[in-house]
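Contents: one structure, followed by commentary.
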Amino acid sequence: MKVITKVDAKKDLLQIKWYIEQDSKFYANKTVNEINKRIKKLLLFPEMGKVIDKDENIRQIIYKSYKILYKFDSKNIYILHIIHHSRNISYLKL
């Protein structure tokens, strides 16, 4: 199994990093590294996330204030978005 990070999720992570960097480059890098650690953990436990859309089998895991939205099949884990918990996810293309 391998992780495939979709373009939207890559953009999300860059925006998160940029936003935190306004106050601290150290914490921006730490946050990105911790999010990436959570994503790597999915390789061992792909079903660990809470199901948020049964029809599409979309799940979420949480790191601090961020939701990591993903889905998986027998070959890959697809990281769809990484967003702050306060944002509404209903408008996202999943």
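The values are calculated or read from the model by the stated rules, or taken from the named source; none is laboratory data. Quantities reported herein were computed from a predicted structural model and do not represent experimental measurements. All Cβ positions, glycine included, derive from the backbone under ideal geometry; neighbour counts span all protein chains shown.
Cβ-Cβ distances below 9 Å connect the following pairs, each with a first residue in the range 50-62 that is free of Cβ contacts under 8 Å to residues at least 40 places away in the same chain, a second residue that is of a type in the set (S, T, N, Q), and a separation of six or more residues or different chains: Lys50/Gln60; Val51/Asn57; Val51/Gln60; Ile52/Gln60.
When the residues of the range 43-93 are filtered to those that are in a loop (DSSP other than H, G, I, E, B) and in contact with a helix residue (DSSP H, G or I) (Cβ under 9 Å, 6 or more places away or on another chain), the one that is surrounded by the most Cβ atoms within 10 Å (Cβ to Cβ) is Leu92. From the list Lys37, Lys30, the lone residue that is farther than 17 Å from Ile4 by Cα, without any contact (Cβ under 8 Å) to a residue 60 or more places away in the chain and either touching a Ser or Thr at 6+ places or on another chain (Cβ under 9 Å) or of a type outside the set (Phe, Trp, Tyr) (or both) is Lys30. Quick check, is Lys37 under 15 Å from the mean Cα position of the chain (by Cα), exposed (fewer than 11 other Cβ atoms within 10 Å of the Cβ) and more than 19 Å from Asn88 (Cα to Cα)? So Lys37 fits the description; yes. When residues in the range 64-86 are screened for being among the hydroxyl-bearing types (Ser, Thr, Tyr) and at pLDDT 95 or above, 3 of them pass.
Taking the range 1-19 as the range and being part of a helix (DSSP H, G or I) and either touching a strand residue (DSSP E or B) at 6+ places or on another chain (Cβ under 7 Å) or not aromatic (Phe, Trp, Tyr) (or both) as the test, the residues that pass are Val7, Asp8, Ala9, Lys10, Lys11, Asp12, Leu13, Leu14, Gln15, Ile16, Lys17.
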